[in-house]
Amino acid sequence: MRWAWAWGTAIAALVLMVLWLVVQPGIALQWSVDGGRASLFRIYHAVDGSRDFNLLNEVPARPNVRDYVFTDTSSLPGQHYTYLVEAVGASGRSILSQTVTGNGLDALPGQLLLLLVSLLAGYAVMFIAPVIFKPAGPGRPLGA
């Protein structure tokens, strides 16, 4: 029975990691550019009320693409953030965007749903696996 708990925990963690990477629950930032010559965009955030911005990510600019999306999956529930997008040209010159705010609570329902689904997958393994893989007893064929 201990192996079922170990496998269930491992499956729950694996499902959570995969779903988190695929779904990316968080605060979504969207911006558009008008034929600029940006080579990349730097996304910064600061806790609301602070001017201490931290670099979250760099998004490379793509030819003929006007609309971009970045999801901040590091946002915490109950925390408000101020975001800033910096367009950096090939020459290194940068242009800062206006700031925009986001609330970490907006991401909470998606984060909780992913956690719930992963826990259910783990519990399913813990309770179904012992039924499927019963040890063979005397006079019983394997798997019966």
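Whole number please: convex hull volume per residue of the Cα set in the stretch 48-133, in Å³?
Cα-based convex hull of the stretch 48-133, divided per residue, equals 171 Å³.
If you line up the long axis of helix 2-23 against the longest principal axis of the chain, both from Cα atoms, how many degrees apart are they, to the nearest 10?
With both axes taken from Cα atoms, the answer is about 30 degrees.
Let me spell out the model: positive unit charges on the Cβ of Lys and Arg, negative unit charges on the Cβ of Asp and Glu, origin at the Cα centre of the stretch 2-132. What dipole size does that give, in debye rounded to 20?
Numbers: 7 positive and 8 negative charges, 56 e Å.
Using Cβ point charges on Lys, Arg, Asp and Glu, the stretch 2-132 gives about 260 debye.
So how far, in whole Å, is the C-alpha centre of the stretch 39-53 from the one of the stretch 57-125?
Spelled out, the Cα-based centre of one part sits 12 Å from the other.
How far is helix 108-132 tilted, in degrees, relative to the longest principal axis of the Cα atoms in the chain, given as a value from 0 to 90 rounded to the nearest 10?
So the helix axis and the longest Cα principal axis differ by about 20 degrees.
With r as the distance between the Cβ atoms of V18 and N54 and R0 = 30 Å, compute the FRET efficiency 1/(1 + (r/R0)^6) and round to 0.05.
Computed FRET efficiency for N54 and V18: 0.65.
222 nm [θ] for the chain, helices only, -39500 (n - 2.57) per DSSP H run of 4+, per residue, to 500?
That calculation yields -11500 deg cm²/dmol at 222 nm.
In 10 Å bins starting at zero, report the fraction of Cα pairs in the chain per bin as a rounded %.
All Cα pairs considered, the percentages come to 11, 27, 23, 16, 11, 7, 4, 1.
May I ask you to derive the FRET efficiency for L120 and Q30 from their Cβ-Cβ distance with R0 = 35 Å, giving the value to the nearest 0.05?
Once the sixth-power term is evaluated, E becomes 0.65.
Only the coordinates and a few stated rules stand behind these numbers; no lab work does. Small disclaimer: the values here were computed from a predicted structure and weren't measured. Cβ coordinates were reconstructed from backbone atoms using ideal geometry, including for glycine residues, and neighbour counts include every protein chain displayed.
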